[in-house]
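Peer 1: Could you have a look at this structure, given as structure tokens, before my questions?
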Amino acid sequence: MVYLGKKAEKNKVHQHVWKDLSAVKIEELSHLLLQNSKNETVFIECSNLSASWKLFKGIFQVKKAAGGLVVNTKKQMLFIKRHGLWDIPKGHIEKGETKETAALREVSEECGINHQQIVKKLKTTYHTYYLDEKLTLKPSYWYLMKYTGTESTQPQIKEGITEAVWVSAEKVPELLLNAYPSICDVIDEFIGFDSAFSIASI
């Protein structure tokens, strides 16, 4: 994972800490991202954050996605298992769609439910991968949603999703041990917003 900021936080350990970006570091970073099988983290301390972010994005093609962190009236959170790892529903933003519309649609398609509503915007996460032999950056726009329906979940098997389940608060930390790293940040933000998963407050 790559973090850009003014200064690395002392309470977090990063395998690599760099000072600003340059053409040489961009090339080194691109190789590191493609070969990073150990989930190492890179923190880039930026004197000019907006300029560094523009330079960073320049090495990628961009594919945007949106998704939802969904909580039901039983104070349970909706998780999916995708390719063997726990995740929360998200997917590609189609041409002409807003981020919000795409997020709601992806929850419906990947989990088989239709009574979710957006409560607030959460953070945006980013991950990189290889697509058509090109280094690709996927920004994922996340929304907190509440669900008031009674439908049974139906995982979208054709998209590699084998489970779509409601998980109680006390079981979430166990699932996160086998989850995509980027969703941990999204869930941390939500827990800070509402640590009891209280639907009354959203």
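The values are calculated or read from the model by the stated rules, or taken from the named source; none is laboratory data. This is a predicted model, so every value here is computed, not measured. Cβ placement follows ideal geometry from the backbone for every residue including glycine, while neighbour counts extend to all protein chains displayed.
Peer 1: Give the residue that is nearest to Gly84 (Cα to Cα), with candidates limited to residues of the stretch 170-190 that are out of contact with any helix residue (DSSP H, G or I) (no Cβ under 7 Å at 6 or more places or on another chain), without any contact (Cβ under 8 Å) to a residue 12 or more places away in the chain and not in a loop (DSSP other than H, G, I, E, B).
Peer 2: So the residue we want is Glu174.
Peer 1: What is the one condition in (1) touching a Leu at 6+ places or on another chain (Cβ under 9 Å); (2) exposed (fewer than 15 other Cβ atoms within 10 Å of the Cβ); (3) modelled with pLDDT of 95 or more that Trp166 does not satisfy?
Peer 2: Result: Trp166 fails condition (2) only.
Peer 1: If I filter the stretch 50-72 for residues that are of a type in the set (S, T, N, Q), at pLDDT 70 or above, more than 30 Å from Lys95 (Cα to Cα) and in contact with a Phe, Trp or Tyr (Cβ under 9 Å, 6 or more places away or on another chain), do I get at least one hit?
Peer 2: No.
Peer 1: Taking only the stretch 114-169 into account, find how many residues are assigned to a loop (DSSP other than H, G, I, E, B) and either over 21 Å from Leu85 (Cβ atoms) or of a type outside the set (Gly, Ala, Ser) (or both). So that I can check it myself, show each step before the final result.
Peer 2: Filtering the stretch 114-169 down to residues assigned to a loop (DSSP other than H, G, I, E, B) leaves 114-115, 132-133, 148-156, 160.
Still in the list and also either over 21 Å from Leu85 (Cβ atoms) or of a type outside the set (Gly, Ala, Ser) (or both): 114-115, 132-133, 148-156.
Of the residues in that region, 13 qualify.
Peer 1: Condition first: aromatic (Phe, Trp, Tyr) and under 17 Å from the mean Cα position of the chain (by Cα). Can you find one or more residues in the stretch 142-164 that meet it?
Peer 2: Taking every residue of the stretch 142-164 in turn, at least one turns out to be aromatic (Phe, Trp, Tyr) and under 17 Å from the mean Cα position of the chain (by Cα).
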